[in-house]
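S.K.: Quick one: this structure, given as C-alpha cells, is what I'll be asking you about.
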Amino acid sequence: MTKSRYTRFADMLSNAIREGKLAPGSRLPTHRAFAEKTGIALATATRVYKELERRGLVRGEAGRGTFVRDPEVPMTLGVHQTAAKGITDLVFNMPGGPVDADILRAGLRRLAAAGDLDAVLRYQPHGGRIHERRIIADRLRRCLGRINPEHLLVASGSQHGLAVTCLGLFQQGDVIAADALTYPGFKSAAALNGLELAPVGMQHGVMDPDDLDHQCRLRNIRAVYLMPTVQSPLGTVMDETVRLRLLDVARRHNLLIIEDAVYAFLEPDPPPGFLSLAPERTVHISGFSKSFATGLRLGYVIAPADRTAALLEVIRATTWNTPALISALVTGWIEDGTLEKSEETRRQDGAARQSVCRDVFGASRVISHRNAGFAWLPLEKGARAQPIVTRLKDQGISVSGAEPFATSAAAPQALRLAFGGLPMAELRGTLETVRDAVHAERTG
C-alpha cells in the first residue's frame, strides 16, 4: 500500500531525528516555511508536524514554535520509565532506608509465629478481611473521623484504588476535572478507562474554585480529582476556605469528589479532608507505599455506601483480593506503632532533604512541601526543560519535565525533582549538577 504524502514526510523527519541529523532542542521551521520548502500544502505540513508529535519526536510550544525532542527520553517519563542501571533517578519518589529491611524481617517473624497462618494462603474477601479494615479505619479516625469499615475497601496500592474508582464509577467518555498540574498515575488510570480530563486553573498551587465552576458551566463534568493535602507535583496544602468553596461548587453541579491523600501524612496538621466535610459525595483514596515502602502495595478506597458494590466488583475482576500476607504485615505495623514511627521518619527525612535543596538552589524559585521528598522547579522565561533533561541524562541523572503532570495542551517549562530515595551523601552533589544544568540552559 502506498504511503500517504504526509506520512512519507513524517518518516523522513523521524529518521533525521533518530539518526541525530536533527539534534534535540532544534527548532523546526514554521508550518508555512516547511510547506514552502517542500512544495506541499500548508494543511499537509500541519499533518506532518502533528504526526511527529504523536510519535513523541517533537513538542509544540505556544508562541515559540516546534522543537525536536530527545527520542531516548519518553514523553511519559516518570510513569513508564525507570532509570537505567548506573543512572541517578530523580524521577520516581522512592522513600526508604537501611532499617526497612530489619522491620520487614521482624514483621515476617511475627506472622510466622502467629496462629491461623493458613488463612493468608486462601482467597480473601474482595474488599479485604473485615478485622484488617477495622484496624485501618480506627487508625484514620483521628484525621478523618469515624469510618464505617464496610465502606473501606482494601486495594493493591493507591494506584489500584484510582484505577478501581475510574473503572467502577464512570463510563467511557465521562469528563473529570483535575488540576492543570496533577499526578500522572491518575492521568494514566483515566486514559486507560476512556475518561477525559478537564484541566482547571490553579491559584497559589491549588485548584481555583471559580474556574472549576466555569468549567462545569461549559461541560458536563461528572467528578473532580483533587490532592488537597500535599499535592503532587507541587506539594501544596489547600486551606480550609478553598476546600469549602470547592465543596460548594461540587454540590451545585453534583460532582463526585475523588480525594487522593497518598502524601497527606507529610502534613502534621492538615485542614479537614473532603471525606470529613462531605462523606456522601467523596471517594477517599490512599495507601502505605509512600509512608513505608513502595514495594508493599497496600491501599484503600473509602466510598459512600451506594458506591461500594461497583468498586467491589472491579476489585474482584482485577485482582480478586489484595494478598493477605501484605495486608497482615501492614495492619500489624499499624497496631504496634511501627507505621507511625515510619511516617515520622519520612517527615524528618523529607525536611532534611528540603533544606539541602533550598540551600543548593538559593534564590531560584522552588515549590515544595517542607517535609516532602520532591520539589517543583519552574524555569525562568526563555529556558526550556527538554535540553536540561537531555543534558542531565548525558551526565547520568534522570529528571522529569512538566509534560507527565500537565492536563492542558501547553505544559509549563519546569523540572520535577524526586530525591526521596537518593542517598543523603549524594544529594547535594546531584542537586548541584541539576542547578548547573539549569544555569547552562539559562545562559546558553
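S.K.: With the cut-off at 1.5 for a/c, could you classify segment 249-318 from its C-alpha gyration tensor as rounded, prolate or oblate? Working shown, then result.
M.R.: Details: a/c = 2.88, a/b = 1.14, b/c = 2.54.
Oblate, since a/c reaches 1.5 and b/c is not below a/b.
S.K.: Let me ask you something else. Can you say what percent of the DSSP beta bridges in the chain, counting only those with both residues inside, are antiparallel? Round to 5.
M.R.: Here the share of antiparallel DSSP bridges comes out near 55 percent.
S.K.: Specify the longest stretch of the chain that does not include any exposed loop site, a site being one of the chymotrypsin sites (Phe, Trp or Tyr not before Pro) with a non-H, G, I, E, B DSSP assignment and at most 16 other Cβ atoms within 10 Å.
M.R.: On the way: sites that count: TYR123, TRP320.
Result for the longest clean stretch: 124-319.
S.K.: Now a separate question. Measure off 7 Å from each Cα along the Cα-to-Cβ vector at THR345 and ASP394, then give the distance between these two points in nanometres to one decimal.
M.R.: It is 4.0 nm.
S.K.: While we're looking at this one, here's another question. Cα-based Rg of segment 362-429 per 2.2 N^0.38 Å, rounded to two decimals?
M.R.: Ratio of Cα Rg to 2.2 N^0.38 Å: 1.15.
S.K.: If ARG346, ARG18 are ordered by their accessible area, calculated over protein heavy atoms with a 1.4 Å probe, which sequence runs from highest to lowest? Don't skip to the end; give the middle numbers.
M.R.: Numbers: ARG346 25, ARG18 145 Å².
Accessible-area ranking of ARG346, ARG18, largest first: ARG18, ARG346.
S.K.: Please give the length that would be gained between LEU244 and LEU117 if that part of the chain were fully extended, namely 0.36 nm times their separation in residues minus their C-alpha to C-alpha distance (nm, one decimal).
M.R.: Taking LEU244 through LEU117 to full extension adds about 41.1 nm, to one decimal.
S.K.: Charges only on Cβ, +1 for Lys and Arg, -1 for Asp and Glu: so what's the dipole of segment 163-283 about the Cα centre, in debye to the nearest 20?
M.R.: About 400 debye.
S.K.: Largest first, what is the accessible-area ranking of MET12, MET238 with a 1.4 Å probe?
M.R.: Per-residue accessible area, sorted high to low, gives MET12, MET238.
S.K.: Which of ALA45, ALA114, ALA410 sits farthest toward the positive end of the charge dipole of the chain, with +1 on the Cβ of Lys and Arg and -1 on the Cβ of Asp and Glu?
M.R.: Highest projection toward the positive end goes to ALA45.
S.K.: Using the Cα gyration tensor of segment 196-322, with a ≥ b ≥ c the square roots of its eigenvalues, what is the shape: rounded (a/c below 1.5), prolate (a/b larger than b/c) or oblate (neither)? Mind dumping the intermediate values first?
M.R.: Working: a/c = 1.89, a/b = 1.25, b/c = 1.51.
Because a/c hits 1.5 or more and a/b fails to exceed b/c, segment 196-322 counts as oblate.
S.K.: Run the simple label-point estimate for ASP306 and ARG442 please: 7 Å along Cα→C-beta, distance reported in nm.
M.R.: Result: 5.4 nm between the two label points.
S.K.: Taking R0 as 56 Å, what's the FRET efficiency between SER26 and LEU325 from their Cβ-Cβ distance, rounded to 0.05?
M.R.: E between SER26 and LEU325, to the nearest 0.05, is 0.60.
S.K.: Moving on to the next point. Once ligands and nucleic acids are excluded and a 1.4 Å probe is used, how much of THR318 is accessible, expressed in Å² to the nearest 10?
M.R.: Spelled out: THR318, probe radius 1.4 Å, area about 70 Å².
S.K.: Does segment 244-396 come out rounded, prolate or oblate, given a ≥ b ≥ c as the square roots of the eigenvalues of its C-alpha gyration tensor, rounded meaning a/c under 1.5 and, failing that, prolate meaning a/b above b/c?
M.R.: Prolate shape, in that a/c is at least 1.5 and a/b is the bigger ratio.
S.K.: Heavy-atom accessible area of ARG109 with all protein chains present, probe 1.4 Å, nearest 10 Å²?
M.R.: Probe radius 1.4 Å; accessible area of ARG109 about 150 Å².
S.K.: Determine the relative contact order of the chain: mean sequence separation of Cα pairs under 8 Å and six or more apart, normalised by residue count, in whole percent.
M.R.: In percent, rounded to a whole number, it is 19.
S.K.: Please give me the summed charge of the neighbours of PRO323: other residues whose Cβ is under 14 Å from its Cβ, Lys and Arg +1, Asp and Glu -1.
M.R.: Once positives and negatives cancel, what remains is +2.
S.K.: Hey, another quick one. What number of lysine-lysine pairs in the chain show an alpha-carbon separation below 28 angstrom, given a sequence spacing of 8 or more or placement on distinct chains?
M.R.: Summing the qualifying lysine pairs gives 21.
S.K.: Accessible area of SER4, 1.4 Å probe, to the nearest 10 Å²?
M.R.: Its heavy atoms expose roughly 50 Å² to the probe.
S.K.: Mind ranking MET207, MET202, MET424 by accessible surface for me, highest first, 1.4 Å probe?
M.R.: Largest to smallest exposure gives the sequence MET424, MET202, MET207.
S.K.: When every alpha-carbon pair in segment 392-431 is counted, what percent end up more than 13 Å apart?
M.R.: Tail of the P(r) past 13 Å holds 60 percent of the pairs.
S.K.: Would you please name the trypsin sites (Lys or Arg not before Pro) within segment 375-444 that are DSSP coil residues with at most 12 other C-beta atoms within 10 Å of their C-beta? Let's see the in-between values first.
M.R.: Working: sites: LYS381, ARG384, ARG391, LYS393, ARG416, ARG428, ARG435, ARG442; in loops: LYS381, ARG384.
Those satisfying the criteria are LYS381.
S.K.: May I ask for log10 I(q)/I(0) of the chain at q = 0.08, 0.09, 0.13 Å⁻¹, from a Debye sum over the Cα atoms as equal point scatterers with solvent left out?
M.R.: -0.51, -0.64, -1.22
S.K.: How many percent of the accessible area of segment 352-444 is carbon or sulfur, using a 1.4 Å probe?
M.R.: Working: 1830 of 3740 Å².
Of the solvent-accessible surface of segment 352-444, carbon and sulfur hold 49 percent.
S.K.: Percentage of Cα-Cα pair distances in segment 1-59 greater than 19 Å, rounded to whole percent?
M.R.: Everything past 19 Å amounts to 22 percent.
The values are calculated or read from the model by the stated rules, or taken from the named source; none is laboratory data. Please read all numbers here as calculations on a predicted model, not as lab measurements. Virtual Cβ from ideal backbone geometry, glycine too; neighbours counted across all protein chains shown. All accessible areas refer to the heavy atoms of the entire protein, side chains included, with ligands and DNA or RNA removed. Shrake-Rupley method; radii C 1.70, N 1.55, O 1.52, S 1.80 Å.
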